[in-house]
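Report on one structure; see the data block that follows.
The values are calculated or read from the model by the stated rules, or taken from the named source; none is laboratory data. Here the structure is a predicted model, which means the values were calculated and not measured. All Cβ positions, glycine included, derive from the backbone under ideal geometry; neighbour counts span all protein chains shown. Ligands, DNA and RNA are stripped out before the accessible areas are found, and what is left, the full protein with its side chains, is counted by its heavy atoms. Shrake-Rupley method; radii C 1.70, N 1.55, O 1.52, S 1.80 Å.
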Amino acid sequence: MASRLTERDYQSLAEFRYRIRVFLADSEQTARSAGLEPEQFQLLLAVRGIPLGTSVTIQHLAARLLVRHNTAVERIDRLARMGLLRRVHRDEDHRVVYVELSARGTRVVEKLSRQRMRELRRSGPELISALVRVISSTRPISHPIRRDSRVRKKQLK
């Protein structure tokens, strides 16, 4: 049975949520100041943030952005019309659509990401502090020791 939350737990959780929201609100404003919707910047960043050598598919982007496939397609279409992304079909399977940043898209995501990194360096300590308070206020739930002696021996090691 989980223990009850304390006033400190609620305060810590509320502060952490507030710090995340401040960062996200600033990110949204940064995107809009560059003529993008926040979701468009998130998609550009997702494409740019994929490890080198990993193919970026619409399906993969939809999963990373926590949106449906058709929503990812619509966003990609808009960014392609803006000249920030391009769709690519490879010889091995023409059914799969890959997404790449254009040169302009690369410049835009780099500029906005630099701004976000500066903001994180400035406000990051407050965010980290809030997270530490949430984590430190959580108490582990105790589990009864199993009766199986092999399990008990492993738990005692």
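For the range 74-95, a tally of residues being within 17 Å of I50 (Cα to Cα) and not charged (D, E, K, R) returns 4. Out of all the residues in the range 91-113, is one or more open to solvent by 50 Å² or more (accessible area, probe 1.4 Å) and in contact with a His (Cβ under 9 Å, 6 or more places away or on another chain)? Checking the range 91-113: at least one residue is open to solvent by 50 Å² or more (accessible area, probe 1.4 Å) and in contact with a His (Cβ under 9 Å, 6 or more places away or on another chain).
Summed over the range 1-38, residues that are closer than 15 Å to G105 by Cα and open to solvent by less than 60 Å² (accessible area, probe 1.4 Å) total 5.
Within the range 24-59, restricting attention to residues that are in a helix (DSSP H, G or I) and more than 23 Å from T71 (Cβ to Cβ), which residue is nearest to the chain's Cα centre (by Cα)? Across the range 24-59, the extreme among qualifying residues is D26.
Answer yes or no as to whether L65 is under 25 Å from L120 (Cα atoms), open to solvent by less than 70 Å² (accessible area, probe 1.4 Å) and under 15 Å from the mean Cα position of the chain (by Cα). For L65, the condition - under 25 Å from L120 (Cα atoms), open to solvent by less than 70 Å² (accessible area, probe 1.4 Å) and under 15 Å from the mean Cα position of the chain (by Cα) - is met. All conditions but one from (1) within 16 Å of the chain's Cα centre (by Cα); (2) in contact (Cβ under 8 Å) with a residue 24 or more places away in the chain; (3) within 16 Å of S113 (Cβ to Cβ) apply to I20; the one that does not is (3). Filtering the range 21-43 to residues that are closer than 30 Å to V132 by Cα and in contact with a Leu (Cβ under 7 Å, 6 or more places away or on another chain) leaves F23, T30, A31, F41, Q42, L43. Within the range 34-90, the set of residues being acidic (D, E) and touching an Asp or Glu at 6+ places or on another chain (Cβ under 9 Å) comprises just one member, E37. For F41, the criteria (1) open to solvent by 70 Å² or more (accessible area, probe 1.4 Å); (2) out of contact with any strand residue (DSSP E or B) (no Cβ under 8 Å at 6 or more places or on another chain); (3) modelled with pLDDT of 95 or more hold in every case but one, which is (1). All conditions but one from (1) without any contact (Cβ under 8 Å) to a residue 60 or more places away in the chain; (2) open to solvent by 60 Å² or more (accessible area, probe 1.4 Å); (3) closer than 23 Å to S123 by Cβ apply to N70; the one that does not is (3). Here the condition is being within 30 Å of R19 (Cβ to Cβ), open to solvent by 30 Å² or more (accessible area, probe 1.4 Å) and in contact (Cβ under 8 Å) with a residue 24 or more places away in the chain; of R78, R122, R133, R116, it holds for R133 alone. If you go through the range 44-62 one residue at a time, how many are modelled with pLDDT of 95 or more and open to solvent by 40 Å² or more (accessible area, probe 1.4 Å)? Summing the residues that are modelled with pLDDT of 95 or more and open to solvent by 40 Å² or more (accessible area, probe 1.4 Å) in the range 44-62 gives 3. The numbered conditions (1) in a helix (DSSP H, G or I); (2) in contact with a helix residue (DSSP H, G or I) (Cβ under 6 Å, 6 or more places away or on another chain); (3) at pLDDT 95 or above are all true for G83 except (1).
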